[in-house]
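Notes for the one structure printed next.
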Amino acid sequence: MNAKTEKKLKVAVQKSGRLSEDSLSLIRECGIRVNRSDNKLKSAASNFPLELLFLRDDDIPEYVADGVADIGIVGENVVLEKEKSVEIVERLGFGKCRLSIAMPEQYSYQSLEDFSGIRIATSYPKILRKFLHDHGLHAEIREIRGSAEIAPSIGLAEAVCDLVSSGSTLLSTRLKEVEVLLESEAVLISGKKLSREASEILASLLVRIRAVQMARNSRYILLNAPDNALSEIIEILPGLKSPTVLPLAKEGWSSVHTVIDENDFWEIIEKLKSKGAQGILVLPIEKMFA
Ligand code: PRT
Ligand code: ZN
């Protein structure tokens, strides 16, 4: 075996939970073949120098900081709460949620001052403490494990500080979100002192991750444009460089191709139609390199 293939980048991912599936899908979309069997703690890729370690999300920052894993995929909320010596290398766009303070729905919340002197239940004491400190507020932090939402109903606290995504849990426990402390998503973290081999493998993994991410956020668009509106239509399309324009067999019409940001998609389609564009096709992109 040659020395280069021996070193594997050790990647910590959540064993089973909200981030597990998306973390594995991302690795697989990078063209990396990994198997997953439920009781295994690790699994080596067959076509890339990478090994997955399946862990509880709370342990990932520490394992990465200690060098047990080289990198990890975990919620930013966990990274900030654990305060370990790791770096956020890339934001991954899944596992999105907010860390928010919520209070009983009948409470008429006015301002941050309302937190003064009350009890707030949370499993994120460090982030909450920092938030209160930054705003010069004094509240009592009740640290609890797991979901904090029941705390007000059992008389443990007047407010909770917990993760929210759809908001349905708050609704069902008759709480309302009053302040957002953090907008979180899954992030790729790395230890601060990676070996040269690990850094090289990470660099090539990042090229793939970025290509997957860019492709996910972009759409390939093709349309037919009347030549007399061509310049206006091109102006609407913010492509990578400028759109490709090809003449159609039909006199007076051109075919226009370009890449657009998924977020601008509906707005752009409306504008294109109003300028006379026809036969608009929008296609997903598998990989994209800037
Ligand atoms: O077993 P392990 O320790 O690994 O997992 P875990 O149970 O601690 O974490 P898990 O799998 O629940 O969440 C992993 C990560 O997913 C979190 O650290 C966040 O980064 C992210 N994430 C995204 C969420 C949510 N959305 C989320 N909604 N984590 C938890 N929730 C919970 C929240 O705590 C609350 O109880 O879902 C409830 C609220 O959801 P909605 O949709 O009703 O608002
Ligand atoms: Zn956890």
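The values are calculated or read from the model by the stated rules, or taken from the named source; none is laboratory data. The model shown is predicted, which means the values in this text are computed figures rather than measured ones. So basically every Cβ, Gly included, is an ideal-geometry build from the backbone, and we count neighbours across all protein chains shown. Calculation scope for accessible area: heavy atoms of the full protein, side chains included, ligands and nucleic acids excluded. Shrake-Rupley method; radii C 1.70, N 1.55, O 1.52, S 1.80 Å.
Quick notes on this one:
- Condition check for LYS15: touching a strand residue (DSSP E or B) at 6+ places or on another chain (Cβ under 8 Å), within 16 Å of ligand 1 (Cβ to nearest atom) and open to solvent by 30 Å² or more (accessible area, probe 1.4 Å): yes
- Only residues that are in a loop (DSSP other than H, G, I, E, B) and open to solvent by 40 Å² or more (accessible area, probe 1.4 Å) were counted across the stretch 91-142, and they come to 14.
- Looking at the stretch 1-80, the strands (runs of 3 or more DSSP E) lying wholly inside it that each contain 3 or more residues that are within 16 Å of ligand 2 (Cβ to nearest atom) and under 29 Å from MET288 (Cα atoms) sit at 9-14, 71-75.
- Restricting attention to the stretch 18-59 and to residues that are over 19 Å from LEU202 (Cα atoms) and among the small types (Gly, Ala, Ser), the residue that is farthest from ligand 1 (Cβ to nearest atom) turns out to be SER37.
- For the stretch 143-165, the criterion of being under 30 Å from LYS287 (Cα atoms), within 16 Å of ligand 1 (Cβ to nearest atom) and open to solvent by 80 Å² or more (accessible area, probe 1.4 Å) is met by no residue.
- For LYS193, the conditions (1) of a type in the set (D, E, K, R); (2) modelled with pLDDT of 95 or more; (3) out of contact with any Leu (no Cβ under 9 Å at 6 or more places or on another chain) all hold with the exception of (2).
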